[in-house]
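*Asks:* Here it is, the structure, as structure tokens.
The values are calculated or read from the model by the stated rules, or taken from the named source; none is laboratory data. Remember, predicted model here, so these are calculated numbers, not experimental data. Note: ideal-geometry Cβ built from the backbone for every residue, glycine included; neighbour counts use all protein chains shown.
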Amino acid sequence: MSLTSLIKNLTPILELRKRRYEKIFSHRTNSFRGIFNSFESALASAPETMVKGFDVKEFEGYFDNRRNKLFLYDYPILFWMDKILSSRSRVFDIGGNTGVHFIGYRSHLKEWENIKWDVCEVPVVVEAGKDFAEREGYSERLNFTDDLNNADGADLLLSLGTIQYIENPSLPDLLASLENAPNHLLLGKLPLYDGKRYVTLQNGGVHFVAQQVFNRDEFLGSLEKLGYRVIDEWQDHSRSCNVPFYPKYNVPVFTGLYLARS
């Protein structure tokens, strides 16, 4: 360890650095702070400068501007969706906000006109989504729910950057509880790494939220026990998790996965 590192980590200096970062964290979107064992403890530590959680008015329509845009992380998803979906398919989209994926993918999927699409979101977003679908004439094909159990019977479970914000049920527990779990899983923007699972506090821009980071082997192993196998995997360089003062917990790049069972 260099002399500079030694000085930076002296107790008085380290405490000063942490107090300084606390002020920065309160105003820096997508920054992280702390290592916790539970969502409850992470959220309890949040500053009072913003609301906590996802079911808040501030989150309604937060991603509306993405409806007609594609990002790099969308292309592996579109590639596999085009192979998976048929004219009678139903997609269960966990965290699809007010239909951002349904609208964004519409001109890129050959079966789009016939696909049934259910978005699972927090109640405040569900209401906004229903209004949007009714207003734009999509209400027969684009549905909204706040009940994860409605994934039962879907052909594909899609979730891009949401699984890590759901404490209960976990994805494996949800799938295990369903009578007819989806045979296909497309998961994007996942924080997987080789260390111990943990929870951290995130500044989401309009709210503070708790995010869990998964141990890779543990996460994949729990899905393999349910019969799912990894068909494809890719790196998502649009996301990372850097927790200051805890370098061994950092996740420099997130992961995308396509899993299926026969």
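*Asks:* Out of segment 184-215, which residues are surrounded by fewer than 18 Cβ atoms within 10 Å (Cβ to Cβ) and either closer than 17 Å to F254 by Cα or touching a strand residue (DSSP E or B) at 6+ places or on another chain (Cβ under 6 Å) (or both)?
*Replies:* Across segment 184-215, the qualifying residues are D194, G195, K196, R197, N215.
*Asks:* Out of the residues in segment 84-139 meeting the condition of being of a type in the set (D, E) and surrounded by fewer than 17 Cβ atoms within 10 Å (Cβ to Cβ), tell me which one is nearest to the chain's Cα centre (by Cα).
*Replies:* E127
*Asks:* State which residue is surrounded by the fewest Cβ atoms within 10 Å (Cβ to Cβ) when the search covers only segment 231-262 and only residues that are of a type in the set (S, T, Y) and assigned to a loop (DSSP other than H, G, I, E, B).
*Replies:* S262
*Asks:* Can you find, within segment 164-186, the residue that is farthest from K225 (Cα to Cα) among those that are assigned to a helix (DSSP H, G or I) and touching a Lys or Arg at 6+ places or on another chain (Cβ under 9 Å)? Break it down into steps so the answer makes sense when it comes.
*Replies:* Initially, segment 164-186 is screened for residues assigned to a helix (DSSP H, G or I), giving 164-165, 171-177.
Remaining after also requiring touching a Lys or Arg at 6+ places or on another chain (Cβ under 9 Å): 164, 172, 176.
On the way: Q164: 20, P172: 9, A176: 10 Å.
Out of the qualifying residues, it is Q164.
*Asks:* Right, something else. Restricting the search to segment 146-165, which residues are on the phi < 0 side of the Ramachandran plot and in contact (Cβ under 8 Å) with a residue 60 or more places away in the chain?
*Replies:* Hits for segment 146-165 are A154, D155, L156, L157, L158, S159, L160, T162, I163, Y165.
*Asks:* Consider D146 against the criteria (1) within 23 Å of the chain's Cα centre (by Cα); (2) over 25 Å from L178 (Cβ atoms): it satisfies all of them except one. Which criterion is unmet?
*Replies:* Unmet condition: (2).
*Asks:* Given (1) at pLDDT 75 or above; (2) buried (at least 17 other Cβ atoms within 10 Å of the Cβ); (3) more than 20 Å from D232 (Cα to Cα), identify the lone condition not met by E60.
*Replies:* (1)
*Asks:* Taking F54 and the conditions (1) surrounded by 12 or more Cβ atoms within 10 Å (Cβ to Cβ); (2) at pLDDT 90 or above, which numbered condition does it fall short on, given that it satisfies the others?
*Replies:* All conditions pass for F54, except number (2).
*Asks:* So, in segment 215-230, how many residues would count as being assigned to a strand (DSSP E or B) and either in contact (Cβ under 8 Å) with a residue 60 or more places away in the chain or at positive phi (or both)?
*Replies:* Residues in segment 215-230 being assigned to a strand (DSSP E or B) and either in contact (Cβ under 8 Å) with a residue 60 or more places away in the chain or at positive phi (or both): 0 in total.
*Asks:* A further question follows. If L156 meets every condition in (1) surrounded by fewer than 19 Cβ atoms within 10 Å (Cβ to Cβ); (2) in contact with a His (Cβ under 6 Å, 6 or more places away or on another chain) apart from one, which number is that one?
*Replies:* (1) is the only condition that L156 fails.
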